[in-house]
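Before any comments, here is the structure.
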Amino acid sequence: MNQNNELILSAQKELDEKLSNYKGKKVSEIKEELGLFEKDSKASFVNLARKMLKISNNQFDLCNNQVQAVLKTVRLTGMETPAEAMSFMPINFDEWIAADSWKSSSLYEYFKSKTLILFVFQQYPTGKRVDDSEMTFLDAKVWKMSEYDINHGLKEVWDQVRYLINEKELEIVPEQQKSGKIINKNNLPSSKFNSLGHLRPGGKNGDDKVELPTGQSIVKQRFWFNVEYVKEIIDL
């Protein structure tokens, strides 16, 4: 077993010891135990996970600072499928294009160095959708992206974005919806591009835009894991 795998196992053991008292409990029960009385929202699940781990930030260390961990939360539907894709960093298009090589890029460095801690909550504990406070905390999983996925699925997204911009093949087309609202469609990698990840808007609103090296203007984007990829992670 290599050192990385040993660290993942050690981190998982450390995490299990910290969270064993909470597994199988409702969110409302855990909040009461921890004295957390904020209104339920997506952010409240992250805050709850922080409280459970006694940390103040989404990025923290495990195994005596040997594991650089990033906290993420996952909510499962009744079909045991993640309810939504998982968002990560905003895309700095200038940096993506300027990178000398894949291994010098910020996207590579992030997933090469970071280990994800996924807190999994069951949205349908009895087969029916329940209020957020009645969701059940199932488990927390320690996961690090494999070298194969980093250098294939992840790199494919990065390569495609660079190709579209460098070759001036990026299309941004205004499209009018039935409501009369105009949205801009683009051909950046979508969730259908590959099985791992995609780009999608991540700005405050449709007017929160960034200028590309091509001179085009586009709504700020983020990198996301596909729902199916998140499911693969938690099913491992």
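The values are calculated or read from the model by the stated rules, or taken from the named source; none is laboratory data. Small disclaimer: the values here were computed from a predicted structure and weren't measured. Positions of Cβ are generated from backbone atoms using ideal geometry, with glycine treated the same way; all protein chains shown enter the neighbour counts.
Among the residues of the stretch 110-126, is there at least one that is touching a helix residue (DSSP H, G or I) at 6+ places or on another chain (Cβ under 6 Å), in a loop (DSSP other than H, G, I, E, B) and farther than 30 Å from Lys25 by Cα? For the stretch 110-126, residues touching a helix residue (DSSP H, G or I) at 6+ places or on another chain (Cβ under 6 Å), in a loop (DSSP other than H, G, I, E, B) and farther than 30 Å from Lys25 by Cα: absent.
The requirement of being farther than 30 Å from Ile97 by Cα and touching a residue at least 12 places away in the same chain (Cβ under 8 Å) is not satisfied by Arg222. Considering the stretch 61-96 alone, what residues qualify as being within 28 Å of Gln122 (Cα to Cα), outside any strand (DSSP E or B) and of a type outside the set (A, V, I, L, M, F, W, C)? Within the stretch 61-96, Thr77, Gly78, Glu80, Thr81, Glu84 meet the criteria. For the stretch 27-60, a residue qualifies if it is out of contact with any Phe, Trp or Tyr (no Cβ under 8 Å at 6 or more places or on another chain), of a type in the set (Lys, Arg) and in contact (Cβ under 8 Å) with a residue 40 or more places away in the chain, but none of them does. Residues in the stretch 127-150 that are part of a helix (DSSP H, G or I), closer than 21 Å to Ala43 by Cα and of a type in the set (Ser, Thr, Tyr): Ser133 only. Can you confirm whether Ser146 is without any contact (Cβ under 8 Å) to a residue 12 or more places away in the chain and more than 17 Å from the chain's Cα centre (by Cα)? For Ser146, the condition - without any contact (Cβ under 8 Å) to a residue 12 or more places away in the chain and more than 17 Å from the chain's Cα centre (by Cα) - is not met.
So which of Glu6, Glu38 is assigned to a helix (DSSP H, G or I) and either loosely packed, with under 15 Cβ neighbours inside 10 Å or touching a strand residue (DSSP E or B) at 6+ places or on another chain (Cβ under 6 Å) (or both)?
Glu6
Of all residues in the stretch 97-109, those that are loosely packed, with under 12 Cβ neighbours inside 10 Å and not in a helix (DSSP H, G or I) total 2. Based on this model, can you work out whether Asn65 counts as free of Cβ contacts under 8 Å to residues at least 40 places away in the same chain, at positive phi and either in contact with an Asp or Glu (Cβ under 7 Å, 6 or more places away or on another chain) or of a type outside the set (Gly, Ala, Ser) (or both)? In short, yes. Does the stretch 182-236 hold any residues that are outside any strand (DSSP E or B), charged (D, E, K, R) and at pLDDT below 95, and which are they? Scanning the stretch 182-236 gives Lys204, Asp207, Asp208, Asp235.
Among the residues making up the stretch 170-224, a single one is among the small types (Gly, Ala, Ser), surrounded by 15 or more Cβ atoms within 10 Å (Cβ to Cβ) and more than 25 Å from Ile150 (Cα to Cα): Gly203. Considering the stretch 110-139, the residues that are surrounded by 15 or more Cβ atoms within 10 Å (Cβ to Cβ) and acidic (Asp, Glu) include one that is farthest from Gly197 (Cα to Cα), namely Glu134.
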